[in-house]
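Working notes, structure below.
The values are calculated or read from the model by the stated rules, or taken from the named source; none is laboratory data. Here the structure is a predicted model, which is why all the values come from computation and not from measurement. Backbone-built Cβ (ideal geometry, glycine too); neighbour counts: all protein chains shown.
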Amino acid sequence: MSHSLLIAFVIFANVMAFTPGPNNIMVLSSGLTFGLRPTFPHIAGIGIGVGFMVAAVGLGFGAIFVAYPVLQTVLKYAGAAYLIYLAVIIAMSAPSVPGKADGRRPMTFWAAVMFQWVNVKGWVMAIGCITAYGAIAGFPWNIAIQSAVMLVLGALSSLAWALAGSWLQPLLSSPTAVRAFNIAMAVLLLGSLYPVFMDA
């Protein structure tokens, strides 16, 4: 195993996992709107989803997009449409009232897992991991290491952003302040689509 390459991969993974992106923006908003505990399934879904995506790309799933480029285009625009939908939902979110059933809830575990497949940053991260750091160990250990690291960092980064959102609850206690914050998060989420449309 190349220890210097492993260190470089871990640095890359940390940068990709902890910097702002659709996952982190959504759990930040969820932590503020719903609190930390209800956001745990979303956090777990991100970790599992990212780890599984890296494994799938490493085991050859990405070759499908090379063979059928139209699938990449379809996935890109489906992901963009879903992010726009999520941005609207986040922008309209007001804080949950404890004890009041209003039908709203954070993203579920399975929805968070499946979201990774339409997350543009997730694809960049997965493909970047496999293509740039595949030599950290022999196959299949390289895929196992990369998947495990991304699973852990995906969950930890989401937890950190959700914690930040829950810590903001006392500061943003009024519905108006929460709505303004969520609108700002929705705008940032829409901003994450910039690379998609610049690449069109």
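Couple of notes before you dig in:
- Of all residues making up region 122-173, the number that are β-branched (Val, Ile, Thr) and over 21 Å from the mean Cα position of the chain (by Cα): 1
- The residue list Ala164, Ala112, Ala137, Ala148 contains one member that is farther than 21 Å from Val66 by Cβ, touching a His at 6+ places or on another chain (Cβ under 6 Å) and not basic (Lys, Arg), which is Ala112.
- Residues in region 57-75 that are surrounded by fewer than 17 Cβ atoms within 10 Å (Cβ to Cβ) and part of a helix (DSSP H, G or I): Ala63, Ile64, Phe65, Val66, Ala67, Pro69, Val70, Leu71, Gln72, Thr73, Val74, Leu75.
- Test: Ile64 is among the hydrophobic types (A, V, I, L, M, F, W, C), within 21 Å of Met150 (Cβ to Cβ) and without any contact (Cβ under 8 Å) to a residue 24 or more places away in the chain: yes
- Test: Gly60 is in contact with a Lys or Arg (Cβ under 8 Å, 6 or more places away or on another chain), more than 14 Å from Val152 (Cα to Cα) and modelled with pLDDT under 90: no
- When residues of region 7-30 are limited to those that are touching a residue at least 60 places away in the same chain (Cβ under 8 Å) and farther than 22 Å from Val118 by Cβ, the one nearest to the chain's Cα centre (by Cα): Asn14
- Taking region 1-54 as the range and being in contact with a Lys or Arg (Cβ under 7 Å, 6 or more places away or on another chain) and not in a helix (DSSP H, G or I) as the test, only Gly21 passes.
- Among residues of region 69-96 that are closer than 16 Å to Gly191 by Cβ, those with a Cβ under 6 angstrom from a residue that is part of a helix (DSSP H, G or I) and hydroxyl-bearing (Ser, Thr, Tyr), sequence gap 6+ or separate chain, pair up as Ile90/Ser29.
- Among the residues of region 122-142, those identified as assigned to a helix (DSSP H, G or I) and surrounded by fewer than 21 Cβ atoms within 10 Å (Cβ to Cβ) are Trp123, Val124, Ile127, Gly128, Thr131, Ala132, Gly134, Ala135, Trp141.
- Members of region 82-95 found to be under 18 Å from Ala112 (Cβ atoms) and not β-branched (Val, Ile, Thr), listed by number: Tyr82, Leu83, Tyr85, Leu86, Ala87, Ser93
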